[in-house]
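Here the structure comes first, spelled out in structure tokens, and everything after it is commentary.
The values are calculated or read from the model by the stated rules, or taken from the named source; none is laboratory data. As the structure is a prediction and not an experimental result, all values here were calculated from the model. No Cβ is skipped: glycine too gets one built from the backbone with ideal geometry, and neighbour counts run over all protein chains shown. Please note that ligands, DNA and RNA were not included when accessible areas were found on the heavy atoms of the full protein model with its side chains. Shrake-Rupley method; radii C 1.70, N 1.55, O 1.52, S 1.80 Å.
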Amino acid sequence: MQLSREQMLQAYRRMKIIREFEERLHIDIATGAIAGFTHLYCGQEAVAVGVCEHLDTDDKIVSTHRGHGHCLAKGCDVEGMMKEIWGSREGLCKGKGGSMHIADVDQGMLGANGIVGAGAPIAVGAALAAKLDGKGKVAITFSGDGACNQGTTFEAMNLAVVTKAPCIFVFENNHYSEHTGFSYAVGTQRDIASRAEAFGMRVWRADGTDFFAVYETMRELLDYVRAGNGPAAVEFDTERFFGHFEGDPQRYRGQGELEKIRAERDCLQKFRAKVASAKLLDEKELDEIDREVLDQIEAAVVAARNAERPTADDVLADVYVTY
Amino acid sequence: MAKMMYRDAVRSTIFEEMERDDRVVVLGEDIVGGMGTAGGPEAIGGIWSTSTGFYDRFGPDRVIDTPISESAIVGAAGGLALAGKRPVAELMFADFIGVSLDQIWNQIAKFRYMFGGKTLCPAVIRMPYGGGFNAAAQHSQSVHHFLTAMPGLKVVMPSTPEDVRGLLREAIRGDDPVMFLEHKALYGVSGEVPDGDYTIPFGHARLSRAGEDLTLVATGLMVSRCEAAADALAKDGIGCDVIDLRTTSPLDEEAILDSVEVTGRLVVVDEAPQRCSLATDISALVAQKAFASLKAPIEMVNAPHTPVPFAKELELAYLPSAEKVEAAARRVLGWR
Ligand SMILES: Cc1ncc(C[n+]2csc(CCOP(=O)(O)OP(=O)(O)O)c2C)c(N)n1
Ligand SMILES: [Mg+2]
């Protein structure tokens, strides 16, 4: 175990922030206070945090429609994000983008994305830029088990291999693309990593609900990529706790499936169990973090609710730099 | 006559065409829904409920649920059509056309011409389009303008359940590729639909309001915005022709020109940004062919030259509204 106490506490806090951010959105969306299409990341927190805890702001990530967790893990401001999702002018993207388009380039977060499969080629480009800069930085694209079927993802993998781009393809297999099961849509009837392998990459696989497994896998993988070996891929087996989008009745789920994954595959519970059994952290410290996070989310919601609204004049701004 | 929702008009028409002609097949993402899950096939029946019940009736060979692969969906529709089938493919959102554009633009649209007229490509590509849901820049767009600009494609934009049934039958039975654009905000709208096996020929506009003072031209959801503006103007004794084009390619030039020859005043309403749009296209047509009839400059009500914004206030300001149409109409009427 190479993580320090501080690192573990920080990782837990980050995961908890994502969890509570999403749980709160789930409630506020149901009241109709928030407009648009929102896809919650609950259940997958260990992946975003286990990956991004290894990165600094010069490493880039490209995200998906289910992007809140990636954004928060990469250091996007909690309040700025909440304001964006509420459509405020004070939001991270001034209310122009909303949930599906949160970005903070200064944090190395090159955007959530409404187009499934659009992220992977963008990450290859960012990786090629990192290669040109020669400072050992990387670019990471998150893709789901649905996005892995998009031609853009295939093209990006091959381009990364032939150009030896320091690009990392993180596949989050939560077993569903919208309402369709992984076993139907991924025709190899195998995992996703084996596909990436066929493109000529070294691949890793780990339990995406175990923060420590994600973190250690990424340590090894990043050492490999930062050493100049070209791209790599990893598949994390994970779970999504809510519907595809808010409002999804989830008729495709089996009886008791949600209860079961919440009980057995909750990355936060697993984290707590692990640090308790190995006597790494005191439970009270984690309880304290839980309380602080809830306060932080409540404050972000209050700020978002009271934040300045955009006006018609704002529509025309920011299409071009000059025109 | 029966009352029917727009989405049910889509669903029932495809279903009936599948019953009638076993060459008709449908394909798209989640059009069955629940494939490979514990809940099982038909767990949803399409995210817009436009293919509910299809899988049970026609099975997996004719109801093809696809992975997320728009390029392959549209390309496969092209191949099915070249091979003698009548595919009806769904893009879950019109915005995803970007992923599949080569197959539409360089393949499906051009087969017949490139092959010297020796082939048919009777593919129908359905796509829900349009704004109003705070779905932001990649889930709200109108795409008719650039599809209309592509020789080889027919472009259909029904505004009522009645027209959905007639135009969709025509699309599926016709021998050319058709882009069938369904406005998301219309899915829940109900209307009377005639009984019987009627079709509506392409290139024939529908007059939804008649008047002699002003011509309003629109498609899809914008037709109802024009109707609302026309009804408001009627209170002041101003009569409007509201022309629902139904199809933008082919275009019913005659309906537009005949109306403007009477009214001398034209407002074109279009949900897409104005540059190189349907609105500029129709304005150019009228400027060229009905110049002498015009009593005032043509007005166009479009979205601004920006992507579709997310926040409620922004999207409201972005989209053409009945109020904006009415204001444009009053400018045209007041011009001297
Ligand atoms: C090009 C494109 N096709 C389809 C969609 C609609 N859509 C949004 S998310 C999604 C499923 C994505 O599944 P996956 O990649 O597994 O990500 P997850 O939702 O599980 O996080 C689909 C089909 C889209 N947004 N973009
Ligand atoms: Mg998935």
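Things to note:
- For the range A:200-234, a residue qualifies if it is open to solvent by less than 60 Å² (accessible area, probe 1.4 Å) and either in a loop (DSSP other than H, G, I, E, B) or in contact with a Cys (Cβ under 7 Å, 6 or more places away or on another chain) (or both), and the qualifying residues are A:Gly200, A:Met201, A:Gly208, A:Thr209, A:Asp210, A:Phe211, A:Gly228, A:Gly230, A:Pro231.
- Selection within the range A:264-285 - open to solvent by less than 40 Å² (accessible area, probe 1.4 Å) and under 15 Å from A:Ser4 (Cα atoms): A:Phe271, A:Val275, A:Leu281
- Close pairs (6 angstrom Cβ cut-off, 6 or more residues apart or separate chains): within 11 Å of chain B (Cβ to nearest Cβ) and without any contact (Cβ under 8 Å) to a residue 60 or more places away in the chain in the range A:306-323, surrounded by 14 or more Cβ atoms within 10 Å (Cβ to Cβ) and among the small types (Gly, Ala, Ser) anywhere: A:Ala312/B:Ala317; A:Val315/B:Ala317
- Residue match in the range B:76-93 (condition: in a helix (DSSP H, G or I), out of contact with any Asp or Glu (no Cβ under 9 Å at 6 or more places or on another chain), open to solvent by 40 Å² or more (accessible area, probe 1.4 Å) and within 12 Å of ligand 1 (Cβ to nearest atom)): no
- Residue check, A:Phe236 touching a Ser or Thr at 6+ places or on another chain (Cβ under 9 Å) and within 27 Å of B:Ala311 (Cα to Cα): no
- Taking the range A:23-50 as the range and being open to solvent by 10 Å² or more (accessible area, probe 1.4 Å) and outside any helix (DSSP H, G or I) as the test, the residues that pass are A:Thr31, A:Gly32, A:Ala33, A:Ile34, A:Ala35, A:Gly36, A:Phe37, A:His39.
- Of the residues contained in the range A:155-172, none is found to be surrounded by fewer than 24 Cβ atoms within 10 Å (Cβ to Cβ), of a type in the set (Asp, Glu) and touching a Ser or Thr at 6+ places or on another chain (Cβ under 8 Å).
- Residue, farthest from ligand 1 (Cβ to nearest atom), within the range A:56-75, restricted to residues that are open to solvent by less than 10 Å² (accessible area, probe 1.4 Å) and in a loop (DSSP other than H, G, I, E, B): A:Asp59
- Restricting the first member to the range A:166-186 and to residues that are at the interface with chain B (Cβ under 8 Å from one of its Cβ atoms) and more than 8 Å from ligand 1 (Cβ to nearest atom), and the second to residues that are in a strand (DSSP E or B) and of a type outside the set (Val, Ile, Thr), the beta-carbon pairs closer than 6 Å and six or more apart or on different chains are A:Ala185/A:Ser177.
- Selected residue [out of contact with any helix residue (DSSP H, G or I) (no Cβ under 6 Å at 6 or more places or on another chain) and away from ligand 2 (no atom under 16 Å from the Cβ)] from A:Arg89, A:Arg66: A:Arg89
- Among the residues listed as B:Asp258, B:Asp176, B:Asp197, the single one being over 24 Å from B:Ser321 (Cβ atoms), free of Cβ contacts under 8 Å to residues at least 60 places away in the same chain and touching a Lys or Arg at 6+ places or on another chain (Cβ under 8 Å): B:Asp197
- Output for the range B:291-336, where each listed residue is open to solvent by 50 Å² or more (accessible area, probe 1.4 Å) and part of a strand (DSSP E or B): B:Met300
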